[in-house]
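*Asks:* First the structure, then my questions, so here it is.
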Amino acid sequence: MKIYGVAILAVCFLAGHILGDLLGRAFHLTGNLGGVGFAMLLLILLHDRFNKKKMITAETESGILFWGSIYIPVVVAMSATQNVRAAVSGGWVAILAGILGTAACFALVPVFARFTHKTRNAS
Amino acid sequence: MNELVKLLDKNGLVFAFLVVGVIIWLSYLVSKKLTNGRIPGAAIAISAGLVIAYFGGEKGLASVPAFSGMALLGGSMLRDFSIVATAMGASFEEIKKTGWVGLAVLVMGTVVAFFAGGSIGYAMGYTDATSFATIGAGACTFIVGPVTGSALGASSDVIAISIAIGVIKSVTVTIATPFLAKRLGIDNPQTAMVFGGLVGSTSGVSAGLAATDVKLVPYGALTATFHTAVGCLLCPSILYFIVQSFLH
């Protein structure tokens with residue numbers, strides 16, 4: 001049943017948000033700290049566990065996969081409801097930060113790639 | 001006409017499905033026909049969303065009568081719910097196999113993008129800790145930006161900038177990857193995982209690797225998925241506190 005997958009997703013989502021809220025409160029902030037990240041890690045671990053015990057069917061998985069596939073449309077809706085007119089004044093920030101931030105990450109690829117060759121040779 | 005607007009407002013979420021469906025269909029058409037698939041349809045659709053929002057009001061398109069449902073579809077509840085769902089594509093065993101390098105690149109990629117993006121924002125006038133963190137988080141991915149921004153209570157225009165940064169990153173990664181792959185040594189699963197973990201941007205990484213070597217796509221996408229989780233975890237917490245201690 002697809003709803004089982006959606007229910008598993010809902011459990012992870014809520015548990016992650018509760019954890020994030022508790023963490024936020026611990027640091028005296030009103031916001032939610034890393035709730036989405038916790039929820040993702042929880043889903044990965046739960047799915048892994050269920051998969052090993054063969055407790056999850058393809059039908060259940062499809063309930064989760066549907067919501068995963070809807071994330072680009074949701075992000076499109078989100079970007080269509082932002083205060084873009086106010087952001088345009090900072091247009092150059094977006095372009096510079098986007099391109100230079102990406103370049104910095106690209107530059108690190110060969111540095112870390114070297115370590116993977118080392119670990120592979122060692123093992 | 002008035003009756004129709006009332007009907008669409010009452011069934012806002014359903015109408016939003018239709019609106020977004022049409023935006024995405026047109027964007028993928030543009031991606032295929034005009035750019036030969038070089039710029040991913042998703043990146044065009046998100047950019048189109050930002051352009052459309054420009055012609056709306058404070059809440060973008062949702063400020064226009066009949067389109068109020070867009071705010072629900074693009075709101076934080078459904079956004080976070082669908083992001084969490086994408087994590088199912090990743091396996092904990094695979095990430096363990098890459099060992100400490102796999103973890104190191106996830107943290108390094110997030111930290112480097114965060115401070116590179118945030119510093120540029122700072123240099124251009126966004127000097128408060130919340131804006132620094134939101135803009136820096138946007139340089140991770142267009143998901144981490146708004147998640148961090150709403151957690152820290154950033155203003156909508158800063159959140160919009162963080163989305164724009166993430167979109168530009170996605171486009172840059174998609175276009176640059178096939179050209180730079182050889183020079184960066186991205187020709188095996190291990191390096192592809194390092195690449196995905198450092199760069200993040202799942203849509204950019206998977207589209208860029210697809211143009212490089214289709215066999216590398218799942219490896220890059222795997223670590224890129226984790227990159228978003230690590231970003232959502234670190235940016236509004238530890239990294240924000242570091243920034244706060246410097247800017248106060």
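*Asks:* Restricting attention to the stretch B:133-148, and to residues there that are part of a loop (DSSP other than H, G, I, E, B) and among the aliphatic types (A, V, I, L, M), which single residue is farthest from the other protein chains (Cβ to nearest Cβ)? Explain how you work it out, then say what you get.
*Replies:* In the first step, residues of the stretch B:133-148 are kept if they are part of a loop (DSSP other than H, G, I, E, B); the result is B:139-143.
Keeping just the survivors that are among the aliphatic types (A, V, I, L, M) gives B:139, B:143.
On the way: B:A139: 3, B:I143: 7 Å.
Top of the filtered list is B:I143.
*Asks:* Moving on. I'm trying to understand the selection: among the residues of the stretch B:220-248, which are of a type in the set (F, W, Y) and within 13 Å of B:A137 (Cβ to Cβ)? Please lay out each step first, then the result.
*Replies:* To start, the set of residues in the stretch B:220-248 that are of a type in the set (F, W, Y) comprises B:226, B:240-241, B:246.
Once the filter is applied, which keeps residues that are of a type in the set (F, W, Y) and within 13 Å of B:A137 (Cβ to Cβ), the stretch B:220-248 yields only B:Y240.
*Asks:* Let me ask something additional. From the list B:T127, B:T141, which residue is out of contact with any Phe, Trp or Tyr (no Cβ under 9 Å at 6 or more places or on another chain) and surrounded by fewer than 24 Cβ atoms within 10 Å (Cβ to Cβ)?
*Replies:* On the way: B:T141 fails: surrounded by fewer than 24 Cβ atoms within 10 Å (Cβ to Cβ).
Result of the check over B:T127, B:T141: B:T127.
*Asks:* Do the conditions hold for B:A129, that is, is it more than 12 Å from the chain's Cα centre (by Cα) and either modelled with pLDDT of 90 or more or among the hydrophobic types (A, V, I, L, M, F, W, C) (or both)?
*Replies:* On the way: more than 12 Å from the chain's Cα centre (by Cα): yes; either modelled with pLDDT of 90 or more or among the hydrophobic types (A, V, I, L, M, F, W, C) (or both): yes.
Criteria met by B:A129.
*Asks:* Taking the residues in the stretch B:28-46 that are within 23 Å of B:A71 (Cβ to Cβ) and more than 8 Å from chain A (Cβ to nearest Cβ) as candidates, determine which candidate is surrounded by the most Cβ atoms within 10 Å (Cβ to Cβ).
*Replies:* Going residue by residue through the stretch B:28-46, those that are within 23 Å of B:A71 (Cβ to Cβ) are B:42-46.
Still in the running and more than 8 Å from chain A (Cβ to nearest Cβ): B:43-44.
Values: B:A43: 28, B:I44: 23.
This residue is B:A43.
*Asks:* Next question, about the same structure. Consider B:G118 carefully, then state whether it is buried (at least 24 other Cβ atoms within 10 Å of the Cβ) and closer than 24 Å to A:N83 by Cα. Please lay out each step first, then the result.
*Replies:* Values: buried (at least 24 other Cβ atoms within 10 Å of the Cβ): yes; closer than 24 Å to A:N83 by Cα: yes.
The answer is yes for B:G118.
*Asks:* Follow-up question, since we're still on this one. Out of everything in the stretch B:167-187 that is over 15 Å from B:I46 (Cβ atoms) and in contact (Cβ under 8 Å) with a residue 12 or more places away in the chain, what residue ends up being surrounded by the fewest Cβ atoms within 10 Å (Cβ to Cβ)? Steps first, please.
*Replies:* We begin by selecting, within the stretch B:167-187, every residue over 15 Å from B:I46 (Cβ atoms); these are B:175-187.
Right, trim to in contact (Cβ under 8 Å) with a residue 12 or more places away in the chain and you get B:175-178, B:181, B:186-187.
Values: B:I175: 19, B:A176: 18, B:T177: 25, B:P178: 17, B:A181: 21, B:I186: 27, B:D187: 14.
The residue in question is B:D187.
*Asks:* Okay, moving on. What number of residues in the stretch A:45-88 are within 30 Å of B:F55 (Cβ to Cβ) and surrounded by 15 or more Cβ atoms within 10 Å (Cβ to Cβ)?
*Replies:* The initial filter retains those residues of the stretch A:45-88 that are within 30 Å of B:F55 (Cβ to Cβ), namely A:67, A:69-88.
Pick out the ones that are also surrounded by 15 or more Cβ atoms within 10 Å (Cβ to Cβ) and you get A:67, A:70-88.
Adding up the residues that qualify gives 20.
*Asks:* Taking helices (runs of 4 or more DSSP H) that fall entirely within the stretch A:1-85, which contain at least 2 residues that are more than 9 Å from chain B (Cβ to nearest Cβ) and of a type in the set (S, T, N, Q)? Write out each step before concluding.
*Replies:* On the way: elements: A:2-26, A:35-52, A:58-69, A:71-80.
Correct list: A:58-69.
*Asks:* Restricting to the stretch A:89-108, name every residue that is at the interface with chain B (Cβ under 7 Å from one of its Cβ atoms), surrounded by fewer than 23 Cβ atoms within 10 Å (Cβ to Cβ) and either at pLDDT below 80 or under 21 Å from B:F179 (Cβ atoms) (or both). Steps first, answer last, please.
*Replies:* Quick first cut of the stretch A:89-108, residues at the interface with chain B (Cβ under 7 Å from one of its Cβ atoms) only: A:90, A:92-102, A:104-106, A:108.
Applying the additional criterion that residues be surrounded by fewer than 23 Cβ atoms within 10 Å (Cβ to Cβ) yields A:90, A:92, A:95-96, A:99-100, A:104, A:106, A:108.
Selection gives A:G90, A:I95, A:L96, A:I99, A:L100, A:A104, A:F106, A:L108.
*Asks:* For the stretch B:60-117, how many residues are more than 7 Å from chain A (Cβ to nearest Cβ), at pLDDT 90 or above and touching a Ser or Thr at 6+ places or on another chain (Cβ under 6 Å)?
*Replies:* 0
*Asks:* (1) more than 7 Å from chain A (Cβ to nearest Cβ); (2) touching a Gly at 6+ places or on another chain (Cβ under 7 Å): which one isn't true of B:F246, the others all being true?
*Replies:* Tallying (1) more than 7 Å from chain A (Cβ to nearest Cβ); (2) touching a Gly at 6+ places or on another chain (Cβ under 7 Å), B:F246 fails exactly one: (2).
The values are calculated or read from the model by the stated rules, or taken from the named source; none is laboratory data. Quick caveat: nothing in here was measured; it's all calculated off a predicted structure. When we count neighbours, we look across all protein chains shown, and the Cβ atoms used for this are built from the backbone with ideal geometry, even at glycine.
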